[in-house]
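Have a look at the structure below, then the notes.
The values are calculated or read from the model by the stated rules, or taken from the named source; none is laboratory data. Every value quoted in this text rests on a predicted model; they were computed, and no experiment measured them. Here the Cβ positions follow ideal geometry from the backbone for every residue, glycine too, while neighbour counts run over all protein chains shown. SASA here: full protein model, heavy atoms, side chains in, ligands and nucleic acids out. Shrake-Rupley method; radii C 1.70, N 1.55, O 1.52, S 1.80 Å.
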Amino acid sequence: MKLSKAFFKTLREVPNEAEIPSHILLLRAGMIKKTAAGIYSYMPMGRRTFRKIENIVREEMDAKGAQEICTSVLQPGELWEESGRWSAYGPEMWRVNDRNGRGFCLGPTAEEVFTDIIRNDITSYRQLPMMIYQITDKFRDEARPRFGMMRSRDFVMKDNYSFDRDEEGLDKSYMEMYDAYSKVFTRCGLTFRPVEADNGAIGGTGSHEFTALCEYGESEICYCEKCDLATTIEKAACVDAKADECEALPMEKVHTPGTKTIEEVANFLGVDEKQTLKAILLETYGDDDKVNGYVAAFLRGDRELNMTKLINALGVHEYAITMADEEKMSEICGCVGGFTGPVGLHDCTIVADSEVPGLKNLVAGACEEDHHIRNVNYDRDWKADIVVDIKNLQEGDPCPVCGAPIKHARGVEVGQIFKLGTKYSEPMGATYKDENQKDHPIVMGCYGIGISRTFQAIIDMPENHDDNGIIWPMSVAPYHVIITLMKPEDEVQAQVADRVYDELMAAGVEVILDDRKERPGVKFKDSELIGIPIRITVGRGAADGIIEYKMRREADKIELSVDEGIAKAIETVNAEKDGRHFFKK
């Protein structure tokens, strides 16, 4: 490809809507264009990288015996009714009706469709195990689309499903995908970590999330350097503080004017935040979008609420719970914003964190403006409807496995694997007959990779960008080599550039020739911005058969003969283009 003929435009200024490096650089490099909030179009160079990621995924899926199909993004609502998720999935699902009033959705995921395909074609144990996958668009009506493809409304995903006779077969399929995912993300040049994760709306009995580690990620993971513990913060179990053995003192109401936060009341009363009780007030919604109940969650004052744990404990959907309107809740439950405690609270579901019953003589809100109560004790003074771990595992907390201090890291979820079991096969009637002609539900697994997220997450790796632009790994770069022709009007330079271009192309190297009539500085800036791994500059030395050779991720550049430069580029590209060299590190 010659850049003078390419559909290609870079931006010098940072786009207003871009917030993180990867999003900024993709827009500036002209690899994507925004169509609407959370909706993007891929331009030619971006599309080339995107297809390379897809092909890496295909190669690793095919290597595990998975077979590719393609289903429609338009899915009939009755399939989702069968699984019980049509109403349960929530407002993120795009729902549409045809001219006859029949309900459809733009698929946010594909469990129902794949289960329907299998139940119609798999009848015998002899046909199992089976794995099928697709790479298609998915749609989720995000409330706050942001960060480019990290939180978008239209995205591309690879979803793979395994179908087995029993749990033993599922375990094997699950580990096959665990291995395949590790290879995919390694070949794409990601620094990642598989961590135990919550199953969320997909459901099932077990899950691992593959998190690309970077400081801009929305995901937060907890890990232990002493043992093998690695988990998302939503999933992480916590070690409760040791129960207090001191004597329970009499309750005492105290005047605490203007102390609405834990920090304020602790400072005012001269106590440690660990001796306070934090209240979080929430309200839940029914299918009619009306408030159907209130929740008061209590945990130690220095702790942070884990909303996923609370949602799981309450058995509600994520979209059906939010922070309460404190004035309305006060009228019904007796709470007072900033001064709510468990004593005297009524007509709401009270949830206590699992370590709270063991704590003694806490300071809690008095459910009265500008007042708190000292020496509040569980059992004697109040009881909860639910007692369960609802706190975050914070950095420095003891590891629940070995007790060593926990560490935190941020990252981007690029893939997740699930053990579905019979969550979909049982309600949808996907069964097989065993050797004795007895029917059994098919045991399923689900395995997703966010192709769009992976595309952007690659850039967010510290080693894959700098102040000048993107630094693509060879395996996913839109082109392997860019030839920067200094003076297109110079006949000798043009001939040398064409020779390098032709010989690299003949050797299977993907090369783009910057033959634009632009200033050298513009060409160099663009080559750095778009991140092509190898740059060959054809300039004044062309008359003497000399070119300049530079790797994008290295500061140094060297002068080589034309033959040496061509040979070096071919050797480097062949060694790195499939990404497998990363396994040697």
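When the residues of segment 398-416 are narrowed to those that are open to solvent by less than 30 Å² (accessible area, probe 1.4 Å) and touching a Cys at 6+ places or on another chain (Cβ under 7 Å), which ends up farthest from ARG119 (Cα to Cα)?
Among those residues, the one meeting the criterion is ALA404.
Report yes if some residue within segment 266-278 is exposed (fewer than 15 other Cβ atoms within 10 Å of the Cβ) and over 30 Å from VAL401 (Cα atoms); otherwise report no.
Within segment 266-278 (the criterion being exposed (fewer than 15 other Cβ atoms within 10 Å of the Cβ) and over 30 Å from VAL401 (Cα atoms)), the answer is yes, since at least one residue qualifies.
Could you tell me which numbered condition GLY429 fails, if it satisfies all but one of (1) open to solvent by 40 Å² or more (accessible area, probe 1.4 Å); (2) in contact (Cβ under 8 Å) with a residue 24 or more places away in the chain; (3) among the small types (Gly, Ala, Ser); (4) farther than 30 Å from GLN127 by Cα?
Exception for GLY429: condition (4).
Among the residues of segment 535-572, which ones are over 14 Å from ILE483 (Cα atoms) and touching a Pro at 6+ places or on another chain (Cβ under 9 Å)?
ARG553, THR572
Give segment 562-577 a look and list any residue that's surrounded by 14 or more Cβ atoms within 10 Å (Cβ to Cβ) and either under 36 Å from the mean Cα position of the chain (by Cα) or not in a helix (DSSP H, G or I) (or both), or say none.
Hits for segment 562-577 are ALA569, ILE570, THR572, VAL573, ASN574, GLU576, LYS577.
Those residues that are at positive phi and either of a type in the set (Phe, Trp, Tyr) or open to solvent by less than 40 Å² (accessible area, probe 1.4 Å) (or both), I need them from segment 340-381; list them, please. Please lay out each step first, then the result.
So in segment 340-381, the residues at positive phi come out as 344, 347, 361, 367, 370, 375, 379.
ASN361, CYS367, ASN375 - these are the residues of segment 340-381 that are at positive phi and either of a type in the set (Phe, Trp, Tyr) or open to solvent by less than 40 Å² (accessible area, probe 1.4 Å) (or both).
Given the structure, is ARG552 closer than 30 Å to GLU59 by Cα, of a type in the set (Lys, Arg) and buried (at least 21 other Cβ atoms within 10 Å of the Cβ)?
Criteria met by ARG552.
Table: residues versus (1) β-branched (Val, Ile, Thr); (2) in contact with a Pro (Cβ under 7 Å, 6 or more places away or on another chain).
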{"position": "ILE32", "(1), (2)": "yes, no"}
{"position": "PHE50", "(1), (2)": "no, no"}
{"position": "VAL57", "(1), (2)": "yes, no"}
{"position": "GLU82", "(1), (2)": "no, yes"}
{"position": "VAL96", "(1), (2)": "yes, no"}
{"position": "ASN100", "(1), (2)": "no, no"}
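Look through ASN55, ASN100, ASN120 and report the one residue that is out of contact with any strand residue (DSSP E or B) (no Cβ under 6 Å at 6 or more places or on another chain), within 20 Å of VAL443 (Cα to Cα) and open to solvent by 10 Å² or more (accessible area, probe 1.4 Å).
Checking each option against the conditions leaves just ASN120.
Which of the residues spanning segment 33-45 are under 20 Å from the mean Cα position of the chain (by Cα) and buried (at least 20 other Cβ atoms within 10 Å of the Cβ)?
Across segment 33-45, the qualifying residues are GLY38, TYR40.
For segment 465-495, how many residues are outside any loop (DSSP other than H, G, I, E, B) and crowded, with 24+ Cβ neighbours inside 10 Å?
Within segment 465-495, residues that are outside any loop (DSSP other than H, G, I, E, B) and crowded, with 24+ Cβ neighbours inside 10 Å number 6.
Go through segment 500-513 residue by residue and tally those that are surrounded by 16 or more Cβ atoms within 10 Å (Cβ to Cβ), in a helix (DSSP H, G or I) and among the charged types (D, E, K, R). Step through it out loud before you land on a result.
Restricting attention to segment 500-513, the residues satisfying the condition of being surrounded by 16 or more Cβ atoms within 10 Å (Cβ to Cβ) are 500-501, 503-504, 509-513.
Narrowing further to those that are in a helix (DSSP H, G or I): 500-501, 503-504.
Subsequent filtering for residues that are among the charged types (D, E, K, R) retains 503.
Here the count works out to 1.
State which residue is nearest to SER475 (Cα to Cα) when the search covers only segment 74-115 and only residues that are within 21 Å of the chain's Cα centre (by Cα) and aliphatic (A, V, I, L, M).
In the first step, residues of segment 74-115 are kept if they are within 21 Å of the chain's Cα centre (by Cα); the result is 89-94, 106-111.
Now narrow it down to the ones that are aliphatic (A, V, I, L, M): 93, 106, 110.
Details: MET93: 34, LEU106: 32, ALA110: 29 Å.
Here the residue is ALA110.
Give the residue, chosen from PHE163, PHE139, PHE155, that is in contact (Cβ under 8 Å) with a residue 60 or more places away in the chain and open to solvent by less than 10 Å² (accessible area, probe 1.4 Å).
PHE163
Which one of these does GLN394 not meet: (1) assigned to a loop (DSSP other than H, G, I, E, B); (2) among the polar types (S, T, N, Q); (3) crowded, with 17+ Cβ neighbours inside 10 Å?
That leaves (3) as the condition not met.
Among the charged types (D, E, K, R), crowded, with 21+ Cβ neighbours inside 10 Å and either part of a strand (DSSP E or B) or out of contact with any His (no Cβ under 6 Å at 6 or more places or on another chain) (or both), is that true of ARG303?
The answer is yes for ARG303.
Does VAL113 satisfy the criteria of being crowded, with 17+ Cβ neighbours inside 10 Å, among the aliphatic types (A, V, I, L, M) and in contact (Cβ under 8 Å) with a residue 60 or more places away in the chain?
no
Looking at THR284, THR259, which one is assigned to a loop (DSSP other than H, G, I, E, B), under 30 Å from ALA366 (Cβ atoms) and open to solvent by less than 30 Å² (accessible area, probe 1.4 Å)?
Working: THR284 fails: assigned to a loop (DSSP other than H, G, I, E, B).
Only one candidate passes the filter, namely THR259.
Which one of these does GLY77 not meet: (1) surrounded by fewer than 14 Cβ atoms within 10 Å (Cβ to Cβ); (2) over 21 Å from ILE449 (Cβ atoms)?
Every condition holds for GLY77 apart from (1).
How many residues does segment 220-229 contain that are over 16 Å from GLN394 (Cβ atoms) and open to solvent by less than 70 Å² (accessible area, probe 1.4 Å)?
The qualifying residues number 1.
Quick check, is PRO533 surrounded by fewer than 18 Cβ atoms within 10 Å (Cβ to Cβ) and not small (Gly, Ala, Ser)?
Considered against the rule, which asks whether it is surrounded by fewer than 18 Cβ atoms within 10 Å (Cβ to Cβ) and not small (Gly, Ala, Ser), PRO533 comes out as no.
Could you check segment 313-337 and list, in sequence order, the residues that are open to solvent by 30 Å² or more (accessible area, probe 1.4 Å), closer than 25 Å to VAL376 by Cβ and of a type in the set (Gly, Ala, Ser)?
Matches in segment 313-337: ALA313, SER330.
Which condition number in (1) open to solvent by less than 20 Å² (accessible area, probe 1.4 Å); (2) assigned to a loop (DSSP other than H, G, I, E, B) is the one that LEU310 fails?
(2)
If I filter segment 528-547 for residues that are over 24 Å from ASN468 (Cβ atoms), part of a helix (DSSP H, G or I), of a type in the set (Val, Ile, Thr) and in contact with a Leu (Cβ under 8 Å, 6 or more places away or on another chain), do I get at least one hit?
no
Residues to consider are GLU78, GLU17, GLU60; find the one that is among the acidic types (Asp, Glu), part of a helix (DSSP H, G or I) and under 30 Å from ILE530 (Cα atoms).
When all the criteria are applied, what remains is GLU60.
Return the pairs, sorted by first residue and then second, in which the second residue is small (Gly, Ala, Ser) and surrounded by 15 or more Cβ atoms within 10 Å (Cβ to Cβ), the first residue lies in segment 222-241 and is touching a residue at least 40 places away in the same chain (Cβ under 8 Å) and in a loop (DSSP other than H, G, I, E, B), the beta carbons are less than 6 Å apart, and the residues are 6+ apart or on different chains.
Partner pairs satisfying both residue conditions: LYS235/ALA197; ASP240/SER354.
Among the residues of segment 128-143 satisfying the criterion of being in contact with a strand residue (DSSP E or B) (Cβ under 7 Å, 6 or more places away or on another chain) and outside any strand (DSSP E or B), which is farthest from ALA430 (Cα to Cα)?
GLU142
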